[in-house]
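Every number here is computed from the coordinates shown, using simple stated rules; none is lab data. Just so it is clear, the structure is predicted and the values come from calculations on it, not from any experiment. Here Cβ is always computed from backbone atoms with ideal geometry, including for glycine, and neighbour counts include all displayed protein chains.
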Amino acid sequence: MYGDPTTIRRILTELGDTWAIVGLSSNEQRAAHGVAEVLQRHGKRIVPVHPKAETVHGEQGYPSLAAIPFPVDVVDVFVNSELAGGIADEAVALGARAVWFQLGVVDEAAWDRVRDSGLDMVMDRCPAIELPRLG
């Protein structure tokens, strides 16, 4: 349900190439850093979102989703589950086309809110794992 193959494929191939990655910093030891690199290799524009607003992989960072001055297609969430729902709500308010919660990030109420708003959502999955599966 949270990782429906059709929805995963649609998000990764049809919904646009600008991915805001919430929790992405210059810390190379964090999973977000490697996932962002994989997304870039697959043609996605990554937008780091972190309170430090660091430039990562050559892309300007922003302290919040609201601070991004251009449209975002997918919001990829690398924060703990307790904070993820609020970020999902921000993504909906911003007009993102989809929300992606990383492995281990689960908020069923946020899932319902995002889906009820008409956006696609994937939860408890990693795009760096799913992209190679597309074939």
Most fluctuating residue given options ASP73, ASP124, ASP112, as computed from a GNM of the chain linking Cα atoms under 10 Å: ASP112
In region 43-135, GluC sites (Glu not before Pro) in a DSSP loop with at most 16 other beta-carbon atoms within 10 Å: GLU54
Residue among SER117, ASN27, GLY86 farthest towards the positive dipole end of the chain, charges placed on Cβ: ASN27
Most positive-pole-ward Cα, VAL99, THR7, GLY58, against dipole of the chain from beta carbon charges: GLY58
Loop-resident sites, region 1-104, for trypsin sites (Lys or Arg not before Pro), counting at most 15 other Cβ within 10 Å (DSSP): ARG30, LYS52
CD proxy at 222 nm, helix term only [per DSSP H run n ≥ 4: -39500 (n - 2.57); per residue of the chain; nearest 500]: -11000 deg cm²/dmol
Dipole magnitude of the chain about its Cα centre (Cβ charges: Lys, Arg +1; Asp, Glu -1), debye to nearest 20: 360 debye
